[in-house]
Amino acid sequence: MVIPVEESFEVFFRREYRPVLGLAIVLSGNRTGAEDVTMDAFEAALRNWQSVSRLDSPGAWVRRVVANRSVSRFRRLAVEARAALRIGRREDLVVADGDGHFEVWEAVRSLPRRQAQVVALFYLEGYPRAEVARTLGISEESVKTHLERARRNLDEELSDADN
C-alpha cells in the first residue's frame, strides 16, 4: 500500500497564489482587497493544513474561501461607497481589473453571489462544471442553472450599457 506524500504548504502556496489572487481580483474588483482576501484564505489553509492538505483538492478549498469572502467584501464596499457619495464624500472609488474588461467583470460582480462565483470559476479559472460544483459544494445541475441565469443577466446588463 502506497501512502500519499502530503504536499508542503510552501509548495502549495507558491503554485496556487497567483491564480487564486486572479480569482479574487475578478470577484472583488480591487487588487489590494483581493490580496487581503487571498492572504486570509491562505492563512486559514495554513491554520488547517493538516486537514486541508488531505483533501482531494486543497486548491478548490482555498478558492471556495476566496469566492465567498471576495463577493461579500465587494458588496460591503459598494454599500459603503454609495453611502459615502450620499453624504458628499467624492473620493475616487475606482474598481480596476487586470485584463481590460472592466465593464464585464463589474457586471459579474453585480450578479447574485453564487452566479458571480460560478462565472468566475468557469470562465476565469477555466474549471469544468464538475470542478466548479466541487469547489463551491453544489451540484453540477446548480452550476448549469447559475451559469444560464448569469449569462441572461449579463446579456441584459451589458446590452443596456451599450444603449
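Only helices (runs of 4 or more DSSP H) wholly contained in the stretch 1-60 count here; list those with 2 or more residues that are crowded, with 16+ Cβ neighbours inside 10 Å, among the small types (Gly, Ala, Ser) and touching a residue at least 12 places away in the same chain (Cβ under 8 Å).
The qualifying helices (runs of 4 or more DSSP H) are 9-28, 31-47.
Residues of the stretch 124-161 being in contact with a Leu (Cβ under 9 Å, 6 or more places away or on another chain), in a helix (DSSP H, G or I), of a type outside the set (S, T, N, Q) and under 21 Å from Gly59 (Cα atoms), which ones?
Selection gives Leu124, Arg129, Glu131, Val132, Leu136, Val143.
Right, Ala161: at pLDDT 80 or above, over 13 Å from the mean Cα position of the chain (by Cα) and among the hydrophobic types (A, V, I, L, M, F, W, C) or not?
no
Name the residues in the stretch 111-123 that are touching a helix residue (DSSP H, G or I) at 6+ places or on another chain (Cβ under 7 Å) and part of a helix (DSSP H, G or I), would you?
Arg113, Arg114, Gln115, Ala116, Gln117, Val118, Val119, Ala120, Leu121, Phe122
The values are calculated or read from the model by the stated rules, or taken from the named source; none is laboratory data. All values derive from a computational prediction rather than experimental measurement. When we count neighbours, we look across all protein chains shown, and the Cβ atoms used for this are built from the backbone with ideal geometry, even at glycine.
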